[in-house]
């Protein structure tokens, strides 16, 4: 039993394991600007993941010492240059957790071993065909791009009042009479005279016929 023994042997000796880590790390860093992941067995992916994380953390600070340390592990000048010029600045503000391991549903043909993705954690990652994460991510991006009514109201803000501190009130013009005062006086006198004539006629009807009218009626 392997109690208190760290690491995995993977059925290889030390030199073989070291070469395996170097080759898989180089293949993984090459895929940064391509599909963004590699496919391997789950045991190998979990085995090299800590080594990849340490190299990315090392590339966040570009110095001669760190470049020499990366060269001693990888041994490829072009990959080290891409590591310090592209991958390190990309994760400059991220304190760890640059990669993830996702198990695949179908095992490997032949030995039936469990396969897995080892990929970068980023927003613009390229996913494999048929990966359900692409559908979920596209749906989340569509919902995020469509602003809600509350967001639009918050962005627009309350309507600013008009100048003057209040709501503008429209005053309706009042029509003024254009008649002269002399015409008003004449109309008042005419109405008074008509009123007196009507009053006199009513009084005559109430008093009855005059004596002259009675004499004419009797002679007839």
Relative packing of 95-103, 44-52, which averages over residues the other C-beta atoms within 10 Å, highest first:
44-52, 95-103
Label-point separation (nm) for residue 22 and residue 64, each offset 7 Å from Cα along Cα-to-Cβ?
2.4
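With a ≥ b ≥ c taken as the square roots of the eigenvalues of the C-alpha gyration tensor of the stretch 20-78, please select rounded if a/c is under 1.5 and otherwise prolate if a/b is larger than b/c or oblate if it is not? List each step's numbers first, then the result.
Numbers: a/c = 1.94, a/b = 1.65, b/c = 1.18.
Cα axes put the stretch 20-78 in the prolate bin.
Taking neighbour counts of Cβ atoms within 10 Å as a proxy for exposure, in what order, fewest first, do 120, 90 appear? Could the numbers behind the result be given before it?
Numbers: 120 22, 90 16.
Neighbour counts put them in this order, fewest first: 90, 120.
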Quick check on the exposure proxy: order 5, 21, 121, 80 from fewest to most C-beta atoms within 10 angstrom.
5, 121, 21, 80
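Among 25, 71, 1, which comes first, second and so on when ranked by fewest other beta-carbon atoms within 10 Å? It would help to have the intermediate numbers written out before the result.
Details: 25 21, 71 13, 1 4.
Lowest to highest Cβ neighbour count: 1, 71, 25.
Values quoted throughout were computed directly from the atomic coordinates according to the rules given, and no laboratory measurement underlies them. What you see is a predicted model, and the numbers here were worked out from it, not measured in a lab. Neighbour counts run over all protein chains shown; Cβ positions are idealised from the backbone, glycine included.
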